[in-house]
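Quick note: the coordinates plus some simple rules give every number you see, no bench work behind them. Keep in mind that what you see is a predicted model, and the values were worked out from it rather than measured. Backbone-built Cβ (ideal geometry, glycine too); neighbour counts: all protein chains shown.
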Amino acid sequence: MNTSEQAPAAQPKKTTTKATKATVKPTPVAQSLHIGLNAVSPAYYGGWSGELAACEADASDMQAIAKTKGMKPTVLLTAQATRAAVLAAMRTAAKALKSGDLFFLTYSGHGGQVADVTGEEPDRKDETWCLFDGQLIDDELYLELSRFAAGVRILVLSDSCHSGSVTREIVPVHATTNGAGRPRMMPPAIALRTYREHQAFYDGLQREVAARAGKAGIVDPDAALAQVTIDSSRLAAVVSTFGPAVILISGCQDNQTSMDGDFNGAFTGRLLQVWKNGGFTGNYTQFRNVIVAGLPATQTPNLFVLGNATGFLAQRPFTV
């Protein structure tokens, strides 16, 4: 008798597997703010009302682009475009948006200047956006943008004579009675009168912004832009504390003026032609270059970046 017993079949080893959850990257969201002023309040500008023809239309057309891209837009036209309303809208967006999200900001109106009291401007002037009840200084704008979370993409289109750069030696252009010949620039005499009548307010603003930026460890915007260009490898070192990635396309160079028009500003009108209702497929640098090619030599839109914007620049314009 065979006393050997057949060995039982080997049982497969039990293995413990941990369920792996795929990391799902959140879908980016976007908000936008569109500011267009066809006039300002004379009470805040030494009796000057600064009539323009096409700034409200510019804001509405930029809102239309934002809507087609799925953004949540806010529009502030003329009397609605107060300092308080603009700052509140920007701060609301800064609180809501996270890394990877987009904030699209456009301004159409006059650019102005106030005397620089904090000493960072070589020309001793700070550039401004002329809002309905007072000017928004470029340093204020920079500080508000710095409130956005790291990784937020910010696109700023400024159809005015404020370019956001360091110096701006304006070549005066005499306004005519029609919009097409009217520069979007507060006349120097009006700028000086406005500043003198409200000097305590604007000087106080600059000192407050400088103090807040210092506490936050933020590099002065004008010092940063003085040392960098679109291709500068020094950008990251100069503005290393600036979290969001910013692209600013302005309406003109420092020594030029952005012109108003009958239906759109010259810069905005050309931008809309190039965009072709979404037909443009290039990146931001190409977008700016094609816009420039269709404008006269007297108005050459500029391009600046702040923060780590390399990837942002490579995207198709208005991509959420």
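Coupling constants for region 140-148 follow from the phi torsions by the Karplus curve (6.51 cos²θ - 1.76 cosθ + 1.60, θ = phi - 60°), and in residue order they are 5, 4, 4, 4, 5, 5, 5, 6, 6 Hz; glycine and proline get x. Between residue 80 and residue 25, the simple spin-label model (points 7 angstrom out along Cα→Cβ) gives 3.5 nm.
Pairs 95/276; 69/98; 25/276; 69/95; 25/72: which exceed 28 Å Cα-Cα?
Numbers: 95/276 33 Å; 69/98 18 Å; 25/276 31 Å; 69/95 21 Å; 25/72 21 Å.
In this structure, 95/276; 25/276 lie more than 28 Å apart at Cα.
Compared with the alpha-carbon gap, the fully stretched path from residue 277 to residue 147 is longer by 43.6 nm at 0.36 nm per residue. Under the simplified labelling scheme, the residue 297-residue 67 pair shows an inter-label distance of 4.1 nm, with each label point 7 Å from Cα along Cα→Cβ.
Working from the Cα coordinates of region 27-137, the gyration tensor eigenvalues give, after taking √(5λ), semi-axes of 26, 19, 11 Å in decreasing order.
Can you compute the FRET efficiency between residue 289 and residue 208 using 1/(1 + (r/R0)^6), with r the Cβ-Cβ distance and R0 = 22 Å? Round to the nearest 0.05. With a Förster radius of 22 Å, E is 0.05.
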